[in-house]
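One structure is given here, and the rest of the page talks about it.
The values are calculated or read from the model by the stated rules, or taken from the named source; none is laboratory data. For clarity, every value in this text was computed on a predicted model and none was experimentally measured. Every residue, glycine among them, receives a Cβ derived from its backbone with ideal geometry; neighbour counts consider all protein chains shown.
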Amino acid sequence: MTLFNSHEDDTAKIKVDETVKNRIPDGLFLACPYCGKEMYNKELGPYRVCANCGYGFRLQARERAVLMTTDFHELDADLTQSDPDFPGYADKLDRAKTQTDLQESVLTGTAKIEGEPVALGIMDSYFMMGSMGAKTGEKITRLFEYATQNRLPVVMFTASGGARMQEGINSLMQMAKISAAVAEHQEAGLLYLVVLTDPTTGGVTASFAMQGDITLAEPHALVGFAGARVIESTIHEKLPKDFQRVETLLENGFVDQVVPRPKLAQLIGKIVRLHQPQEA
Ligand SMILES: [Zn+2]
């Protein structure tokens, strides 16, 4: 395995208030996607949570990095690899890049959470629904390799619509590649902590989102493999409410704890502290 120490930058050091303010005006009226309560954007506060039900509104990856970590240094920011020539794909990628200030649907790097050094991955649902392109897979694989080399825990915030259809089989192959890198990291006795955020679906759920040693989740996040409508039309039955919400996954043992966003960093820091690796 190679140690990748490519381009690092400090772009995440911008203040989160400014980032969100630039994106969504304070006076905008929003409805909570989970409970439906309507509120002004500014009422969501710095953590952007619904005051009624605790749902965490979707964050861009850089916003989350600023909100939950310090000393963030980006890895593989400019990873280059040619994209497949699928009609309209180049335009969609350009739009996503401009909107998220990312080159792919995941932001990776090193950071401190509550003072604890971690290798950090944050998927961005604003980048083509956090879908899995070949570069997304490569960046996540490199993150695990970096963490194994440097004996760091990995903290991964997942958000994905699944495979990226414009990349076909290359997209699907990423899941196996990442899973192999996760396994090496685990064999080295290092901690892998997953935080499921809204929404995490498709192949990501079927692979590295479910491979964590510890799995946390944000309240009411949607997590599943196939979409509810697909399942309903297959089994010809109406699914129960909250079938694919993390509270149901918690009841069924797939999630260790559902944690309100304002308390996440503190808990992650504590878990990382409790799992310091033994000397190799
Ligand atoms: Zn709500």
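Here the range 55-83 is the region considered, the condition is being among the acidic types (Asp, Glu) and more than 16 Å from the chain's Cα centre (by Cα), and the residue that is surrounded by the most Cβ atoms within 10 Å (Cβ to Cβ) is ASP76. So which residues in the range 210-258 are β-branched (Val, Ile, Thr), closer than 27 Å to PRO46 by Cα and more than 16 Å from the ligand (Cβ to nearest atom), if there are any at all? ILE214, THR215, VAL223, VAL255 - these are the residues of the range 210-258 that are β-branched (Val, Ile, Thr), closer than 27 Å to PRO46 by Cα and more than 16 Å from the ligand (Cβ to nearest atom). From the residues in the range 135-175 that are over 16 Å from the mean Cα position of the chain (by Cα) and of a type in the set (Gly, Ala, Ser), which one is nearest to LEU102 (Cα to Cα)? Ranking the candidates gives SER171 first. The set of residues in the range 12-35 that are modelled with pLDDT under 55 and either in contact with a strand residue (DSSP E or B) (Cβ under 6 Å, 6 or more places away or on another chain) or charged (D, E, K, R) (or both) comprises ALA12, LYS13, LYS15, ASP17. Just to be sure before I move on: is LEU93 modelled with pLDDT of 95 or more and either crowded, with 19+ Cβ neighbours inside 10 Å or among the hydrophobic types (A, V, I, L, M, F, W, C) (or both) in the structure I sent? No: the conditions fail for LEU93.
What about TYR40, is it at pLDDT 95 or above, within 16 Å of the ligand (Cβ to nearest atom) and more than 16 Å from ASP101 (Cα to Cα)? Taking the combined requirement at face value, the residue does not satisfy it. Residue-level check: of (1) at pLDDT 95 or above; (2) within 23 Å of VAL182 (Cβ to Cβ), LEU102 misses just (1).
Of all residues in the range 171-207, those that are more than 16 Å from the ligand (Cβ to nearest atom), under 30 Å from CYS35 (Cβ atoms) and of a type outside the set (Val, Ile, Thr) total 5. Each residue in the range 202-234 was checked for being modelled with pLDDT of 85 or more, in contact with a helix residue (DSSP H, G or I) (Cβ under 9 Å, 6 or more places away or on another chain) and in a loop (DSSP other than H, G, I, E, B), and 11 pass.
In the range 138-164, how many are assigned to a helix (DSSP H, G or I) and either crowded, with 24+ Cβ neighbours inside 10 Å or without any contact (Cβ under 8 Å) to a residue 12 or more places away in the chain (or both)?
Going through the range 138-164 one residue at a time, the tally reaches 6.
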